Structure formats: C-alpha cells, structure tokens
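A quick write-up on the structure given underneath.
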Amino acid sequence: MFRNLSTRFGVALQYPEFRRLWMANASAQAASWGLIVTRGWLIYRESGSSLYVALATFAAMGPMLIVPPIIGVLADRIDRRRILSIAYAVDIAQSATLMLLAFTGVIEVWMVVALSLVNGVSRATQLPTSQALAATLVPNDRLLNALSLNASTQHGSRLIGPGIVTPLLAIAGAPAAFLVSVVLYVIALYQARSLAPQPPVARARAGFVTDFVQGLAYVYERPVLRLMLLVLVCHCGLTMAFESLLPSFAHNQLRAGDQGFGALMMGVGGGALIASLMVGGLQTPRGRGTALIVAGIVSGLGQVLLALTSSLVVAIAAAAIMGGAQAAFMTMGQAVTQSIAVDEYRGRIASINAFSLGGMMATMNLFNGSLAEQFGAQPLLLINGVVFTLIVLVTIVPLTGRQMYGRRPILEARAA
C-alpha cells in the first residue's frame, strides 16, 4: 500500500536530478519561512507595530516586482543551476549577518528591513528558476506530480521552518533561529551544486525587455493561461497576504502571546504540506479542475473561519484548512500554466507568475499592515476571504473558465 501511494504521489522523486532539486528547494524554503517568523517575532516584540512587520514583509516580497522579469529571461538563456547556487550563497550571507547582529545585541528594525530586501531579491530569483527547472527534469506526463512536489517545498516549509524556529525563539531567542536558516541554506547550496549542468533552452536573440515582452504576448494570446494567471494574482492578494496581519491577530484577537504567530504559521504549513502532496495524485483534467474549484472556495472560506474565531486551537485548525486549500490551488494553477507553455517560454512564464503573484503579495501585505493599524486584522481577513470566494464562483461561468477548471478541453496552440 505504501509503495502504491509513493508511486502515485511521489513518482517524480524517482528521477535523481529532480530529487536533488526538490531537496534544495525544501531546505531553502524552510529557511525562508523560518526567517519570516523570526523577523516578524523580533520586529513586533521590539516595536509592537503591524506596520513595521508589513514593511519588512514588503521588503522581502517587493523584489518580485522587479527581479523576476530579468531572471525569467536569464533562466531561458543560461544554466539554471548556476542561478540557484548564487541565490543560495547570497541567502547564507544575509542570514549569517542577521544572526551576528542579533547575537551582539545591536540589531535594529531598519537593519532587519534592509536584510529582508536582500533575502527578497534572492527569493525572487529562486522561485521562477526552480519552477522552470523542475518542469524540465521529468517527462511531461509527470509534470503535475513534479510541480506538486516542488510546491510542497514552498508550502510545506511553512510547517518545517516555523516548527523549528518557534520553540527556539522561546528558549534561545532570535540568534539561534537565524542560525537554523544559515544551516538550511547551506544544505540547499550543496544540493544545487550537485545538479548536472543545465544547458540553456533559448538563444539570446534580443534584449531583456524584448524577451520579457514576448513572454507577456505569449500569455496574452492564450485566454486560459491569461485567466489562470489573473485568478492566481487575486488569490495571492486576497488570501495569501496575511503575514503582516497574523502577529497582530495572534496578540489582539487570540490573546496568544509571543508564540501565537508561530503556531498559526505552523498550522498553515501543516495543511499546505499535506494538500500540495495530495494533488500530485490527481490523474484527469476534470478531477484537477474540480479540486481547483474546491480549493479556491475553501481557501477563501478558511480565511473567513480564521477571522471569526477567538480560540487559538480553532484558529490553528482554520489556518491548516486555509493553508491546505491555498497550497492546492497554487500548485494546480502553476501546473496549468506550465502545461500550456513550451520549454522555450517556461522561464518567462514562471517569472511572470512570480512577478505578478509576489508583487501582489508584497503590495497587499503592506496595504493590509497599514490598514490593520486603524481597523485591526480581523475585518481584513474576513473581507478578503469573502471576496476571493466570490471570484472563484464567478469564473466558473464563462467558457474560458470552464476550460481552466477542466470542464472543457483546452484547445490553445502550444507552438512557440
């Protein structure tokens, strides 16, 4: 039975190169989410301000507005393994700097924000590169499984990273938590360097801007791809821009103290880990489409449930439901975009994905954090969850939406 489950849900791990990439992503993403919790804990403890937490979150996500277009073109032109290795090395340096500043006691909020920006540039480099690389390391019929496993490292790391650093914050403080991130990034760098060289898939025919614009045109000419990216943007802005709200929500709504934020993030990560692995076992377009609809609705309603509770136990359960639905929705959405794209455009499609999704998350985290100072975190979580639920229901109606959700075959041209 276990062998059958591993064959169905983990089949892409049979490919050694993908397995190395998966391990690198798992370590790096756990380090990243550990940093998010540690930075949020440290800043809120020092300032008591959701706005300052939002500024650090925006600094960590804001580079998604600038970096992915450049990296997407580079990922189609040069060795993707080299790009990942450089990004991981940068993250080792910035995490070690945070650790030393916290250990010596000279760390200040502005330093955390500045180093969050460095981490943001690196992460904006990693996400589109690893997504494009994952899609080339397995056969096309294993694509959804590979992307679901790749997504499990992004979403499940919200359990692993916070799960490691949350008790350390209570016992040893921020320096020990930052040390964890250093170690995890070192593991990621080792695994990335173990990958075989990845030859470029596209020649440099024009400038960066021209190549990126060609990627945008490629998306625009394919209605299902265009709609999927638009819905993913709404999903990230309305249901996944919660990092700046949870510290305040845990303190004021749940009365959970310093550990409440980490506990909620672990709930999100636990649900995300399970869901991102399970969707890899879906076999038919209609089955994936049904799961995409359900995941979108539950993603919004899970956030509503979180907003309405004042119990930490119920809030963790709601966070797990919300996190699982978010991970499933994002994984299948990314699988739709990558299955439509040809390899020559995969780096740019992944970069447009990261550019739009990360940019929206960065902007909405800053927006939410500033509004939470006046209105509190609860109403923002509630309203955003309701709005996204309505968006999912509306997009089921048109033909393009039915194609996106597997109710009609996708007839779009695949040629470059």
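Annotation: peptides 63-76, 223-236, ranked by per-residue average of other Cβ atoms within 10 Å with the highest first, follow the order 63-76, 223-236. Mean projection of the Cα convex hull over all viewing directions, computed for the chain: 18.3 nm².
No lab work stands behind these numbers, since they all come straight from the coordinates. Not measured: the values here are computed from a predicted model. Glycine also receives a Cβ, built like all others from the backbone with ideal geometry; neighbour counts cover every protein chain displayed.
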